[in-house]
Amino acid sequence: MKASMSSSRINLIRGFLSILSSSVLLIIISLITTPILTRVLGTASYGDYATVLAVFGISKVVSESGTFNGVRKYIAESRDQSEWDSKVINFYTLFSVVLGSVVVLLLYLSYFTGALEAIFGDLSQSYTILISLMIVSSLFFGLFRGALMGLGYEHYSEPLDVINNLAFSTIAVTLAVLGTGVIGPLIGKVTGFLLGAILAYILLVRKTDLKLFSLNLVDVSSNRLFDEKTKFGIYSIILSLLISSLYNVDILLVQLFVGGSQVGYYKASLVIAEFLWFVPLAVQYSLVHSSSEMWANNQHEKITDISSKVSRYTLLLVLLMCIGLSILADEFIPLYFGQQYTPAVVPLLLLLPGVLGLSIARPIFAIGQGKGALRSLILATAAAAVINFLLNLILIPQYGMNGAAIATSIGYGSMLIFHYWCAISIGFDPLSNLMSKKIVLIAAITYPILFVVESTIRSDLTSLVVIPILGLLIYIILALRWKVIEQDDVYRLPLTNNRIEKILSILRL
């Protein structure tokens, strides 16, 4: 039993590190690409680009989310059935093709009825075609990448996401510079998804013995399993639609009520805020299939232990990044996006509290997905989505993008409250060992030190280098001394014990 628990912990850590390393690379790619696009497109066109991606994001949820989550969950369960993995992926291939076709048809129906023209204007036809191509290509990319993750091949699946984004960035920047406007980056999206799907398919064929595209293995004869996977897929779509509304309804409503450059400013603030999610996202993706295996083995105490530790480290890390960003926002935004994006500073600061809450909620949410308790997750997410939508509807007409930031921050933050309630009802306590008092005290000590130091530095570039390093050092020293970071976890890092001991001795522990 101990060997099994140790093995599953090692697999979880290995999968997390694969996803985390890819997430870091994705952030680097985005950090390079985004300021180029914002400058080349300008604030108004960048706002149009954000609106197109918001429509695509909602469409993608319906066509892909049930597939991506379902194929990871059910393949990871490894049930005692012949050709189980092949049955799962073939079921979800059929499931995703049907859903994708429906979504594309609805998209074109919206175009022919004039609904999309009201949003996109004269380029609505081009945008509709490109969105439909993005839906189809991303659908198969998500399907094949999800299969690789479910089989434990994160070291293959995650580099594919990097390749996808590299292809997008290269084509998007090249075409945008050549004067294609928003069309260029959208072509880059299609190409990146298509390339990722082809490579993922090749890896599945070469690395596994899966029988792909075999309708004989859809397993409709086993009514219980067919109904179970269909139900999970439909619930996943509803859940992901609710989550997608949290991420996209604010942009669409800002476009509807305000429009113009404010959409571009607000999108810029969202881009920076979402950078803080790269670690929680890596944890979330690794926990869905790994926790599914733990739930299947009735390892409830282990789930509580892992979830509470993940919540603590997520709070510790994201709170540090929020502190640094709140201090450096005035310097970072104009330097990164250009002086014309200075108005994005205020909505960014307003978004940070909600981003912190949602960061902690993400891993909690993933463990609930791993169990398959989607009805409870839907209720919790629906409550947050309704709050988010109503507040955006009330505040945007009066306060513009700042109203959107306030509403969205409250909506994000409410996700933690509702999903904590959901976790307790499911059967685990993700905040049982949070050490919140110690973490708040660490933050209370770190913030004024960084604020004073930053105010004495005259160069923006120097501040952007010194403040993050100083904040990280203060944070790590206090967290280790007060045992918020456990030394046992430090020794699990992919470093030799001698190096770890040297680091700890430097910190005088």
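The values are calculated or read from the model by the stated rules, or taken from the named source; none is laboratory data. Model, not experiment: these values are computed from the prediction. Note: ideal-geometry Cβ built from the backbone for every residue, glycine included; neighbour counts use all protein chains shown.
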Unique residue being part of a helix (DSSP H, G or I), of a type in the set (A, V, I, L, M), in contact with a Phe, Trp or Tyr (Cβ under 6 Å, 6 or more places away or on another chain) and at pLDDT 85 or above when the list is 88, 71, 52, 40:
52
Counting only residues that are small (Gly, Ala, Ser) and modelled with pLDDT of 90 or more, which one in region 133-152 is nearest to residue 70 (Cα to Cα)?
138
Identify, by number, the condition in (1) polar (S, T, N, Q); (2) surrounded by fewer than 22 Cβ atoms within 10 Å (Cβ to Cβ); (3) within 21 Å of the chain's Cα centre (by Cα) that residue 170 doesn't meet.
(3)
Residues located in region 354-410, provided they are of a type in the set (S, T, N, Q) and surrounded by 24 or more Cβ atoms within 10 Å (Cβ to Cβ)
359, 369, 381, 388, 392, 408, 409
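To keep it simple, each residue is scored yes or no on (1) over 26 Å from residue 304 (Cβ atoms); (2) assigned by TED's automatic domain parsing to the domain that holds residue 321; (3) hydrophobic (A, V, I, L, M, F, W, C); (4) not in a helix (DSSP H, G or I).
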| residue | (1), (2), (3), (4) |
| --- | --- |
| 396 | yes, yes, yes, no |
| 415 | no, yes, yes, no |
| 454 | yes, no, no, no |
| 473 | yes, no, yes, no |
From the residues in region 153-197 that are touching an Asp or Glu at 6+ places or on another chain (Cβ under 9 Å) and outside any helix (DSSP H, G or I), which one is modelled with the lowest pLDDT?
181
For region 484-509, give me each residue that is within 17 Å of residue 436 (Cα to Cα) and at pLDDT below 85.
485, 486
